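Have a look at the structure below, then the notes.
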Amino acid sequence: MKDDNSEVVVDIMGDNFLSEMMGIFLIEYRDLIDAYADSLQNIENDILVELSYKELFRVYHTLKGNTAFFPEYKEFTHFTKYYCELLRYPEKLDLHDPILINTMKTNATLLITILNVSESMFHSEGKINIDEIDRLITDFENNNLANY
């Protein structure tokens with residue numbers, strides 16, 4: 001959906017079902033970020049590394065699946081899908097590769113930023129400006145060319 005400024009938004013004001021779904025999505029997203037942080041800490045501490053990468057896969061996969069309910073989240077879905085594919089078979093990766101680890105850490109920053117921006121827009125405006133989310137992802141990808 002586009003608003004009056006021709007920006008893509010998920011407008012949830014006045015739609016109780018969409019509002020409830022977005023609220024649930026954001027709560028689950030916050031829980032997934034906690035799981036992501038725990039897994040990163042395990043990887044950095046060399047504890048249950050392969051299992052921790054599988055947990056990161058689960059986080060990306062769940063986020064990808066949850067955003068399918070909101071088709072406006074195309075860039076975010078594309079971003080999470082890429083990392084689902086990368087992490088699907090951790091046994092094929094060098095799990096101690098510093099570039100891979102750094103990529104997961106920098107991705108955490110983006111995921112947290114998207115969550116915080118989405119929550120702020122949801123609670124203050126009753127809609128989420130997808131163009132803003134897309135800009136965050138594009139800027140992030142342009143500034144992190146060394147990503148895996």
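So is residue 118 buried (at least 19 other Cβ atoms within 10 Å of the Cβ) and either within 17 Å of residue 139 (Cα to Cα) or among the hydrophobic types (A, V, I, L, M, F, W, C) (or both) or not?
yes
How about the range 15-34: which of its residues are free of Cβ contacts under 8 Å to residues at least 12 places away in the same chain, charged (D, E, K, R) and either surrounded by 15 or more Cβ atoms within 10 Å (Cβ to Cβ) or closer than 24 Å to residue 82 by Cβ (or both)?
31, 34
What's the number of the condition residue 26 fails, among (1) more than 28 Å from residue 101 (Cβ to Cβ); (2) modelled with pLDDT of 90 or more?
Just one mismatch for residue 26, condition (1).
Within the set of pairs 6+ apart or on separate chains, which have a first residue in the range 35-63 that is touching a residue at least 24 places away in the same chain (Cβ under 8 Å) and among the aliphatic types (A, V, I, L, M), a second that is loosely packed, with under 15 Cβ neighbours inside 10 Å and in a helix (DSSP H, G or I), and C-beta atoms under 8 Å apart?
Cβ pairs passing all conditions: 40/105.
So, in the range 116-148, how many residues would count as being in a loop (DSSP other than H, G, I, E, B) and touching a residue at least 60 places away in the same chain (Cβ under 8 Å)?
Of the residues in the range 116-148, 2 are in a loop (DSSP other than H, G, I, E, B) and touching a residue at least 60 places away in the same chain (Cβ under 8 Å).
Taking the options 113, 106, name whichever one is under 28 Å from residue 19 (Cβ atoms), hydroxyl-bearing (Ser, Thr, Tyr) and either over 14 Å from the mean Cα position of the chain (by Cα) or assigned to a helix (DSSP H, G or I) (or both).
Result: 113 is the single residue among 113, 106 that is under 28 Å from residue 19 (Cβ atoms), hydroxyl-bearing (Ser, Thr, Tyr) and either over 14 Å from the mean Cα position of the chain (by Cα) or assigned to a helix (DSSP H, G or I) (or both).
Of the residues 49, 117, 59, which single one is hydrophobic (A, V, I, L, M, F, W, C) and over 30 Å from residue 15 (Cα atoms)?
49
Name the one entry in 83, 73 that is of a type outside the set (Gly, Ala, Ser) and modelled with pLDDT of 90 or more.
Just one listed residue meets the conditions, 83.
Based on what the data block shows, is residue 38 assigned to a helix (DSSP H, G or I), under 15 Å from the mean Cα position of the chain (by Cα), modelled with pLDDT of 95 or more and loosely packed, with under 13 Cβ neighbours inside 10 Å?
Spelling it out, it is not the case that residue 38 is assigned to a helix (DSSP H, G or I), under 15 Å from the mean Cα position of the chain (by Cα), modelled with pLDDT of 95 or more and loosely packed, with under 13 Cβ neighbours inside 10 Å.
I need the full set of residues from the range 45-94 which are assigned to a helix (DSSP H, G or I), acidic (Asp, Glu) and surrounded by fewer than 18 Cβ atoms within 10 Å (Cβ to Cβ), in order please.
Matches in the range 45-94: 50, 85, 91.
The values are calculated or read from the model by the stated rules, or taken from the named source; none is laboratory data. What you see is a predicted model; the values in this text were computed from it and never measured. Because the Cβ atoms are built from the backbone with ideal geometry, glycine has one as well, and the counts that use them run over all protein chains shown.
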